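Everything below concerns the one structure shown next.
Since every read-out is calculated from the coordinates, none of them should be taken as a lab result. Keep in mind that this is a model prediction, so the values were computed, not measured. Neighbour counts run over all protein chains shown; Cβ positions are idealised from the backbone, glycine included.
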Amino acid sequence: MILEEIIQENCPKILEQEERVEIERIHRSPPVFNPQLTTPRNVIAKFKNNQMKEKILQAAKKKPFRYHGSTVRLTQDLAASTLKDQKAWNTIFWKARELGLQPRIKYPSKLTIFLQGKAWSFNKTEEFQAFINKRPDLNRKFDVQAQNSRESSKDHPQDC
């Protein structure tokens, strides 16, 4: 199986500990190959052992996996709702990164920033907005209210 070969090539220590990777099911998405698409199809695998999956994902975060010289990207498949929640943080995340706040989005969709040597975590964009409203220096740098009003006006166009 190709997935086992990829794991063997990139993190043989995991296979030494576990002997073999047990996969419940594996398939490609989309199921039919389209020659007009230039990107490769995704391979989705469900592992029988969640700890094994976590070890492999951690190893993939530390260094890029390769298969026959080509880079292979391994990521966790998340629910559409989780991806949508994480996407809500995008603008704030990039601005925080630009300001050197070392932002992280943790599962499922929690933003963590580092400010003045302390970690601050927020579950919702509203919590983050309340946090920066209390800090005038950050409030000027993040124009969150303007961003949110622009986004909400896209969702709810005004009647003309």
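Structure data summary
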quantity: Identified option (computed volume of the Cα convex hull per residue in Å³; candidates (1) 194; (2) 125; (3) 176); calculated: (1)
quantity: Fewest-first sequence of T91, T82 by Cβ atoms within 10 Å of each Cβ; calculated: T82, T91
quantity: Karplus (6.51, -1.76, 1.60) ³J(HN,Hα), θ = phi - 60°, over region 9-16, in Hz, Gly and Pro reported as x; calculated: 5, 9, 8, x, 4, 5, 5, 5
quantity: Cα-based Rg of region 68-129 normalised by 2.2 N^0.38 Å, two decimals; calculated: 1.31
quantity: Estimated FRET transfer efficiency when R0 is 30 angstrom, pair R140-K84 (beta carbons, to 0.05); calculated: 0.55
quantity: Computed over the chain: relative contact order in percent, which uses C-alpha pairs under 8 Å that are six or more apart; calculated: 12 percent
quantity: In order through region 85-96: 3J(HN,Hα) via Karplus (6.51 cos²θ - 1.76 cosθ + 1.60), integer Hz, x for Gly, Pro; calculated: 5, 5, 5, 4, 7, 3, 4, 5, 4, 5, 5, 4
quantity: Amide H contacts of V72 (H built 1.01 Å from N, under 5 Å, at least 5 apart or other chain); calculated: F65, R66, Y67
quantity: Packing-based order for 130-139, 34-43, 93-102, 72-81, using average beta carbon neighbours within 10 Å, highest first; calculated: 93-102, 130-139, 72-81, 34-43
quantity: Kirkwood hydrodynamic radius of region 2-72, from inverse mean 1/r over distinct Cα pairs, in Å; calculated: 13.3 Å
quantity: Added length on full extension, which subtracts the Cα-Cα distance from 0.36 nm per residue, E98 to L115; calculated: 4.8 nm
quantity: Backbone N under 18 Å from the R25 label point (7 Å along Cα→Cβ), restricted to region 44-82; calculated: 44-50, 77-80
quantity: Packing-based exposure ordering (other Cβ within 10 Å, fewest first) of R66, R140; calculated: R140, R66
quantity: Long-range amide H partners of F47 with built H, under 5 Å; calculated: E24
